[in-house]
Amino acid sequence: MIILGIETSCDETAAAVVRNGLDILSSEVATQHEFHGPFMGVVPELASRAHVMKVNRVIERALKAARIKAGKLDAIAVTVGPGLAGALLVGRMAAEALGWAHDVPVYGANHIEGHLLSAALADRRLVPPFLGLVVSGGHTELILARNWGDYRLLGRTRDDAAGEAFDKVAKMMGLGYPGGPIIDRLAKRGDASKSPLPKPWVNGTWDFSFSGLKTAVLYKLRTKKSWTAAEKRDICAGFQRSVVDVLVGKAIAAAQLLGLRHIALGGGVAANSLLRSELERAAVLKGLAVTVPSLALCTDNAAMIAASVHFKLKNRPALVPGQLKIDPQLHIPFIEALAAGPVFSASRR
Ligand code: KG4
Ligand code: ZN
């Protein structure tokens, strides 16, 4: 089965062709950093317009690189949520127009499920059940993957997503956009112990909260008029250390509680070098396997969208394509029974 994936939920216009759910024949991504950079964050209206300008060309490039004609596709998969309403609509219209013109069925995909399935694209050993940690600019979610297409949410951020916190802290420090990769680079030469910051454990739940940590950085920055480059690197390292410790601590605790042997990391923040290395280190200590996809699969892409529809169709071959409904708040069902998460001591490193 050959599926064209289309992804336009935020600030990346992407299209990819995937064979049998796992073979990526092509994957094209056009970023919009040039439009959002001056505003140090994604401007929804600009994102929609940029998608309109780019989407058809990106789709053409993906089909050409995969050497396939649109009429030969078995299905088209398009992200229908969560994401920015206008941006999602552009992808949906492009997918439906192509499907209508070439008589190819079009299916909706959940962006978060896509990030989870990036790990499956990266590692064929990954089989459910497993624990998913999806950390991006818009989401921070701990997910129990019971089977392909059968997911339950354990916890999510109550305010800022981890990537959003990275971007906002970088903006406060005047470092540039997107902030995650910049903080990651500066933190490598910084010393977290010289700039310790609170670790928001949000005890007794699997949820996360990063806005207080962001405010702690703001208050710290206000204590002096100017900061040397070395001090800024220490702040970056302290901030990054707090985010990573909480993400890793909760993911490992959840895997252990649920008896899951494999953790899959996904989302743009999964590109963070400390998160990647610390999750792998902690998992090895507990005898758990970890899949950390390549950087290209961590950030928004359309191969993950095609893969998620492939797995959905595999489990439910009778799935009807039908009218697609955009849902900017689309979410994975929450497990009430597991709402109570672990309690970490404040002193925990
Ligand atoms: O998944 P993604 O490409 O888009 C969303 O769905 O949001 O994630 C983008 C986010 C941005 O907030 C960006 O700053 C962050 O991922 N990011 C990083 C790194 N690379 C990208 N955060 C921390 N460290 C990185 N190396
Ligand atoms: Zn994403």
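The values are calculated or read from the model by the stated rules, or taken from the named source; none is laboratory data. As the structure is a computational prediction, the values presented were derived from the model and not from experiment. Cβ: placed from backbone, ideal geometry, glycine included. Neighbour counts: every protein chain shown. Heads up: the accessible areas ignore ligands, DNA and RNA and are worked out on the full protein's heavy atoms, side chains in. Shrake-Rupley method; radii C 1.70, N 1.55, O 1.52, S 1.80 Å.
Taking first residues from segment 277-290 that are more than 10 Å from ARG261 (Cβ to Cβ) and partners that are open to solvent by 30 Å² or more (accessible area, probe 1.4 Å), the Cβ contacts under 6 Å between residues at least 6 apart in sequence or on separate chains come to VAL290/GLU280. When ALA30 is tested against (1) open to solvent by less than 10 Å² (accessible area, probe 1.4 Å); (2) of a type in the set (Gly, Ala, Ser); (3) under 20 Å from LEU297 (Cβ atoms), only condition (1) is not met.
Filtering ARG185, ARG189 for residues that are away from ligand 2 (no atom under 16 Å from the Cβ), in a helix (DSSP H, G or I) and over 30 Å from VAL309 (Cβ atoms) leaves a single hit, ARG185.
Please determine, by comparing only the residues of segment 99-121 that are aliphatic (A, V, I, L, M) and surrounded by fewer than 21 Cβ atoms within 10 Å (Cβ to Cβ), which one is farthest from ligand 2 (Cβ to nearest atom). Restricting to residues being aliphatic (A, V, I, L, M) and surrounded by fewer than 21 Cβ atoms within 10 Å (Cβ to Cβ), the top hit is ALA101. Selection over segment 247-289 of residues that are polar (S, T, N, Q) and within 16 Å of ligand 2 (Cβ to nearest atom) gives a count of 1. Looking across segment 317-340, the residues that are open to solvent by 100 Å² or more (accessible area, probe 1.4 Å) and closer than 21 Å to ASP103 by Cα come down to PRO317, VAL320, GLN323, LYS325.
Going through segment 193-226 one residue at a time, which ones are open to solvent by 30 Å² or more (accessible area, probe 1.4 Å), among the hydrophobic types (A, V, I, L, M, F, W, C) and touching a Ser or Thr at 6+ places or on another chain (Cβ under 8 Å)? Passing the criteria: only VAL202. Exactly one residue out of ALA162, ALA120, ALA87 is modelled with pLDDT of 95 or more and outside the structural domain of ALA50 (by TED's automatic domain parsing), and it is ALA162. Here ALA306 fulfils each of the conditions (1) within 29 Å of CYS10 (Cα to Cα); (2) exposed (fewer than 14 other Cβ atoms within 10 Å of the Cβ); (3) touching a residue at least 60 places away in the same chain (Cβ under 8 Å) apart from (2). Of the numbered criteria (1) at pLDDT below 95; (2) open to solvent by 20 Å² or more (accessible area, probe 1.4 Å), the one ILE68 fails is (1).
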